[in-house]
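**Q** Input: one structure, supplied below.
The values are calculated or read from the model by the stated rules, or taken from the named source; none is laboratory data. Since the model is a prediction, treat every value here as computed from it, not as a measurement. A quick note on method: Cβ atoms are made from the backbone with ideal geometry, for glycine too, and the neighbour counts reach across all protein chains shown.
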Amino acid sequence: MFNESIREEIKAQGAAIEKLGTLPDDLLQFAYEEKLFKCFVPVELGGKMLELPEAVRVFQEASALDGSFGWLVAIGSGGNAFVPNFKEETCRELFSPKEAVIAGSAHSTAIAVKENGGYRVTGEWRYCSGAPYASMFTANSKLEGTEEIVTCIFTPDQVDVIQDWDAFGLKGTGSHTIRVENAFVPIVRTFDLMKNANEFGDIVHTFPFVQFGQSSFTAVSLGIGQGFFEEARRILEANKEQWSKDGNDKYEAITSILDEELVTYDQIEGVFYSTLQEIWQTHKDGEMLEEADLNNFSKVCKEAADTTIGCANRLFRHFGMEAVMESSDLNRIWRNLHTASQHTFLTP
């Protein structure tokens, strides 16, 4: 997926992504060209339509290069889950462009008022990753005077992006609040998450949504952890001579700790992928996924995030002041890991 040239380019731009608060234009164009925001969009609409385990590997690889980049690839493709729910003409119109990508929220923090042919909506939603470049926004509203949920699709011209994302990690994800004021949403730009409205769906679109999300965010956490180990190794090798001088065993000591943590990480990574493959194959075979199997997979995902954080934290303590300086790559990766793993799908 990522050749050596683009790998080096993405890694080199990590600090710039954080400072900019979103993806720079060259990386955004790369993501469009490689259809990284369309992993679960049908080929007919210009997507990749990958199987879930294949896409998850892409998310991990992207996250190992830069946490914000990987998060945006995963969250952008996550919006593809709504492909079967859009009205057919709306789906073709909005998902066919090369630059198609959803930002939005699942929270119902707005009010929709019925109007001829649609709804008037006012409200705001937090944590909308990819907001700076989204081609459409999806969000839930409550129908005025009821508990009924109306899920709307807003166009960028209807949305104000409030740049308030101030987390200490994943600073480059543009996960800002969005606001709409008296925006008209025609019926064709609403959808029901529980109903298919076209024939574009594939096997991935019928996979349980919670586990779909958990698999994606676990891959991001594993990828960021992988990047942390790679950066720790780079620092070790860069300081090998100094840390081995005059009988100093710092290099050997930290190398040993790194190798031990990698063993632990590799084990949980293996468990995650083998468990994912098992439930994915069961789903592909048309068999019902048992609640016990789904719960076990959720447990594995959370354990994978916890284990990766634990490995990184134990290593972090051995890198001195470089680890605590926010300008260092190691610190940025560590902050990204802790932020990504705070998603509600991964917290204990």
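**Q** Is it the case, given these coordinates, that Ala110 is part of a strand (DSSP E or B), crowded, with 20+ Cβ neighbours inside 10 Å and touching a residue at least 60 places away in the same chain (Cβ under 8 Å)?
**A** Answer is yes for this residue.
**Q** Please go through segment 188-210 and pick out each residue that is among the β-branched types (Val, Ile, Thr) and within 18 Å of Gly123 (Cα to Cα).
**A** The one that is among the β-branched types (Val, Ile, Thr) and within 18 Å of Gly123 (Cα to Cα): Thr190.
**Q** Could you list all residues from segment 145-167 that are assigned to a loop (DSSP other than H, G, I, E, B) and surrounded by 13 or more Cβ atoms within 10 Å (Cβ to Cβ)?
**A** Here is the first cut: in segment 145-167, the residues assigned to a loop (DSSP other than H, G, I, E, B) are 145-148, 155, 159, 163-167.
Once the filter is applied, which keeps residues that are assigned to a loop (DSSP other than H, G, I, E, B) and surrounded by 13 or more Cβ atoms within 10 Å (Cβ to Cβ), segment 145-167 yields Thr155, Val159, Trp165, Ala167.
**Q** Can you pull out every residue in segment 335-347 that is touching a Ser or Thr at 6+ places or on another chain (Cβ under 6 Å) and not in a helix (DSSP H, G or I)?
**A** Of all residues in segment 335-347, those touching a Ser or Thr at 6+ places or on another chain (Cβ under 6 Å) come to 340-341.
The answer is Ser341, and nothing else.
**Q** Take segment 252-303 and flag every residue that is outside any helix (DSSP H, G or I) and either of a type in the set (Lys, Arg) or loosely packed, with under 13 Cβ neighbours inside 10 Å (or both). Even if it seems obvious, please write down each step before you answer.
**A** Filtering segment 252-303 down to residues outside any helix (DSSP H, G or I) leaves 285-290.
Within segment 252-303, Asp285, Gly286, Glu287, Met288, Glu290 meet the criteria.
**Q** Restricting attention to segment 304-334, and to residues there that are under 25 Å from the mean Cα position of the chain (by Cα) and not in a helix (DSSP H, G or I), which single residue is surrounded by the most Cβ atoms within 10 Å (Cβ to Cβ)?
**A** Once the filter is applied, the top-ranked residue is Ser328.
**Q** Can I ask one more? Any chance you could count how many residues in segment 305-343 are in contact with an Asp or Glu (Cβ under 7 Å, 6 or more places away or on another chain), under 24 Å from Val271 (Cβ atoms) and aliphatic (A, V, I, L, M)? So that I can check it myself, show each step before the final result.
**A** Let us first name the residues in segment 305-343 that are in contact with an Asp or Glu (Cβ under 7 Å, 6 or more places away or on another chain), namely 311, 314-315, 328-330, 332-333.
Next cut, under 24 Å from Val271 (Cβ atoms) only: 311, 314-315, 333.
Of the ones still in play, those that are also aliphatic (A, V, I, L, M) are 315, 333.
Counting residues in segment 305-343 that are in contact with an Asp or Glu (Cβ under 7 Å, 6 or more places away or on another chain), under 24 Å from Val271 (Cβ atoms) and aliphatic (A, V, I, L, M) gives 2.
Per-residue answers, yes or no, for (1) outside the structural domain of Ala131 (by TED's automatic domain parsing); (2) in contact (Cβ under 8 Å) with a residue 24 or more places away in the chain; (3) of a type in the set (D, E, K, R); (4) within 25 Å of Ser274 (Cα to Cα):
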{"residue": "Glu18", "(1), (2), (3), (4)": "yes, yes, yes, no"}
{"residue": "Leu23", "(1), (2), (3), (4)": "yes, yes, no, no"}
{"residue": "Ala62", "(1), (2), (3), (4)": "yes, yes, no, yes"}
{"residue": "Arg92", "(1), (2), (3), (4)": "yes, yes, yes, no"}
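**Q** Does Ala219 qualify as being part of a helix (DSSP H, G or I) and within 30 Å of Pro84 (Cα to Cα)?
**A** The answer is yes for Ala219.
**Q** While we're on this one: Looking at segment 62-102, which of its residues are under 30 Å from Ala232 (Cα atoms) and among the β-branched types (Val, Ile, Thr)?
**A** Initial filter on segment 62-102 (under 30 Å from Ala232 (Cα atoms)): 62-77.
Listed by number, the residues that qualify are Val73, Ile75.
**Q** Here's another thing I want to ask about it. Filter segment 38-71 down to the residues that are acidic (Asp, Glu) and assigned to a loop (DSSP other than H, G, I, E, B), then identify the one that is surrounded by the most Cβ atoms within 10 Å (Cβ to Cβ).
**A** Once the filter is applied, the top-ranked residue is Asp66.
**Q** Among the residues of segment 15-37 satisfying the criterion of being of a type in the set (Gly, Ala, Ser) and over 16 Å from the mean Cα position of the chain (by Cα), which is surrounded by the most Cβ atoms within 10 Å (Cβ to Cβ)?
**A** Going through the qualifying residues, I end up with Ala15.
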